[in-house]
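Working notes, beginning with the structure itself.
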Amino acid sequence: MIPLLGISTQALFGQLLLGLINGAFYAMLSLGLAVIFGMLNIVNFAHGALYMVGAFVAWFLLNTFHIGYWPALVLAPVGVALLGMALERTMMKRLAGLDHIYGLLLTFGLALIIQGVFQNLFGASGQPYPPPDLLKGGFNLGFMYLPAYRAWVVVFSLAVCLFTWFMIEKTRLGAILRACTENPELTRAFGLNVPRLITLTYGFGVGLAALAGVLAAPIYQVRPLMGADFIIVVFAVVVIGGMGSILGAIGAGFLLGLVEGLTKVFYPQAANVVVFVIMVAVLLVKPAGLFGKKI
Amino acid sequence: MKQAISLGVALTCLASAAFAGAAFAADKVVKVGVLTDGSGPYADVGGVGSQLAAQLAIDESGLAAKGWKVELIYADHLNKVDVGASLAREWFDQGKADVIVDTLNSGVALAVSQIVKDKNKVFLNSGAATSDLTGKACTPNQIHWTYDTYALANGTGKALTKAGGDSWYFITADYAFGKALERDTSAVVKANGGQVLGDVMAPLNNADFSSQLLQAQSSKAKVIGLANAGADSANAIKQAAEFGVTHSGQKLAALLIFLSDIHSIGLTVAQGLEFTATYYWDLNDGARAFAEKFSKKSRNAAKPTMVQAGVYSATLHYLKAVDALGSPADGAAVVAKMKALPTDDDAFGKGSIREDGRKIHPAYLLQVKTPAESKYPWDYAKVVATIPAEEAFRPLSQSECPLVKK
């Protein structure tokens, strides 16, 4: 292979591909956050905890009921969405119209409680979750060995992201949802049940988190703090993309995964902070984020 | 007047007798502080299990029957050096602890070690691995109980190099522990005719090792040495399997894995890995007896890791020494007494403590069983070789410890 700036192209392609895989997770998680913020105006700090719950539901289904990966990919998000809707109905609803900080504190507290309960039940180290048989093995790409499962993660999450964007921006349902947030009073006057739509949106957002959790289960350990490790970076991704912007969240997610991968090639020590450096730069130059509307 | 004086004398006598009595009662108190990772990547290696192990030692010591009051406190140092150091200071300054046990995390352990020396208390380290604790950072107030990076290198590192793995690439936890483990293993690899091709650092508590594994793969080294532990090594091993590292002919050396890690990785992925330990719960009758007592009270009936077994063994021996001395007040004196007394307990059998503070016992080169070989819960490993006590740890002749007279 030809070396490029002292780095072999082999290493470069490999790290870029890995960056893309990480980016897929960033995109899925930040997409859920963006949907919730865009529609409910809540900064959902419980997102990481619900992502973890999604992974645990999949683990629990497998170990207790012997229900495998493919059904779990549907069941876990639905289960977590129901849990999320219950939380929205009983708690978050009461904070509607108050300052953002209240929602942030509530969801942050919820995240701590959920993580604490799981840590108490399962301990800190992870539980094993095997990838489905269909996706075992991998492809030798020449410059690296790509596990089939990771390839699936990229393709699947890209499809989910585009589907979500299409639903919200291009369909009638999406238009109604957007109307709910733009002008709830007027939407209600048209005979639409606004609180129910908001509850459903929250359920959908956290369902996305749980879906990412199930996708992550065979790659990372299924462990109580798996979401806590991720959530800060994901928030940075949302801020860079522009709070509440669907396309921004998706684009920034994949983009930052790639940038992180590149950093690992050229200056590995900075890989953990590069996302935050970019966040600071973006906030200074374009405070609303790359794709955000002007504040 | 005379009467008044004699009354005064009598009262003074009484009062001093009462004070002496009070002082005597206060001396018969010993306070054990378990300081460990309670919530991070090492929480299942030590954590509340270390607290339980210390409690088992206290119960077994029989000190309560001899009129002692033994107190146990526990705290999570969050793997942060500053948090660990300030907890240690608080415990000593407020009289909450005479001894600090465990301290999983070499960074925290090195900080605690200095504080213990300054306050003349006792530090019984079970979980932290860095061999510096009996090297240049040794003190007359501490004992390194269970294992260290030298023993790990000397076990797994030597065995793999001799078996033909003569080129190594390290994936290293980026703090005191990882660096010490890489340093000690590199020395063993080179001493046995191997070479080290390079290394890559990963932060503590890293979820994704794919990038580091990719670099290790492209190094073409025969052995990829994982100089990390706990959830980090579990993640790295799992992802190495995913990226086909072992299928491409490279061998994975998990330089430090604990029982809890094997449990979390699962035998399907972990099978065949060789690792070094000084305690494995199914090793012999004594080890099983301790494991039995432990798992009756542990979360999910987990068997003890070697770190938890070390906490038990160290606390038990400490209490023996304190009882023999009659007071825990002078930390250096207690440690001297501990070194003088032979050690004996269920988990580690008979052993001794060297002048540099190194507890000496055999080490074992173990191999993770295949799923078919595993017959009952927690049946995870078999012994490949036993390394005798006198060969398992760094010889005193190589020690940088100032306490060792040469």
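All of the numbers you see were taken from the coordinates with simple rules; none came from a lab. Just so you know, these numbers come straight off a predicted model, no measurement behind them. Don't worry about glycine lacking a Cβ; one is built from the backbone with ideal geometry, like all the others, and counts go over all protein chains shown.
For segment B:152-255, taking the reciprocal of the average inverse distance between every pair of different Cα atoms yields a Kirkwood hydrodynamic radius of 13.1 Å. Its residues counted as N, segment A:20-231 yields a C-alpha radius of gyration over 2.2 N^0.38 Å of 1.06. With the convex hull drawn over the C-alpha atoms of segment B:80-222, the volume per residue is 101 Å³.
On the basis of the beta-carbon distance and an R0 of 25 Å, A:LEU104 and A:GLU182 show a calculated FRET efficiency of 0.65. Ranked for footprinting exposure by Cβ neighbours inside 10 Å, fewest first, A:HIS66, B:HIS247, B:HIS144 give A:HIS66, B:HIS247, B:HIS144. Report note on the peptides B:315-321, A:147-153: ranked by the mean count of other C-beta atoms within 10 Å, highest first, their order is B:315-321, A:147-153.
Bridgeable lysines around A:LYS136 (alpha carbons under 16 Å apart, same-chain partners fewer than 8 residues away excluded): B:LYS238. Most tightly packed first, judged by the mean number of other beta-carbon atoms within 10 Å of their residues, the peptides B:76-84, B:371-379, B:197-205, B:223-231 read B:223-231, B:76-84, B:197-205, B:371-379. Of all DSSP beta bridges confined to chain B, the antiparallel ones make up roughly 30%.
Taking amide hydrogens as placed 1.01 Å from N in the peptide plane, the amide H of B:ALA253 sits under 5 Å from those of B:ILE224, B:GLY225, B:LEU226, each at least 5 positions away in sequence or on another chain. Can you work out D for chain B in µm² s⁻¹ from Stokes-Einstein, where Rh is the Kirkwood radius over C-alpha pairs, the temperature is 10 °C and the viscosity is 1.306 mPa s? Rounded to a whole number, D works out at 73 µm²/s. In terms of other Cβ atoms within 10 Å, A:LEU110, A:LEU29 run from fewest to most in the order A:LEU110, A:LEU29. Extension gain for the segment B:ALA191 to B:ALA340, taken as residue separation times 0.36 nm less the Cα-Cα distance, is 50.2 nm to one decimal. The overall shape of segment A:190-295 is oblate: from the C-alpha gyration tensor, with semi-axes ordered a ≥ b ≥ c, the ratio a/c is 1.5 or greater and a/b is no larger than b/c. Under a 5 Å amide H cut-off, with hydrogens placed 1.01 Å from N, B:VAL32 pairs with B:GLU71, B:LEU72, B:ILE73, B:ASP98 among residues at least 5 apart or on other chains.
The phi torsions of segment A:176-181, fed into the Karplus equation with coefficients 6.51, -1.76 and 1.60 and a -60° offset, translate into couplings of 5, 4, 5, 4, 4, 7 Hz, rounded to whole numbers, with Gly and Pro shown as x. Neighbour counts of C-beta atoms inside 10 Å place A:ARG196, B:ARG358 in the sequence A:ARG196, B:ARG358, starting with the fewest. Straight-line cross-link partners of B:LYS28 among the lysines, defined as a Cα under 26 Å from its Cα and at least 8 positions apart when in the same chain: B:LYS66, B:LYS69, B:LYS96, B:LYS117, B:LYS119, B:LYS121, B:LYS320, B:LYS337, B:LYS339. At 222 nm, what value in deg cm²/dmol follows for the protein assembly as shown if DSSP H runs of at least 4 each add -39500 (n - 2.57) and the sum is divided by all its residues, to the nearest 500? After summing the helix terms and dividing by residue count, I get -17500 deg cm²/dmol.
Extending 7 Å from the Cα toward the beta-carbon at both B:THR370 and A:LEU121 defines two label points whose distance is 3.6 nm. Diagonalising the gyration tensor over the Cα atoms of the protein assembly as shown and scaling each eigenvalue by 5 before taking the square root yields semi-axes of 50, 34, 22 Å, largest first.
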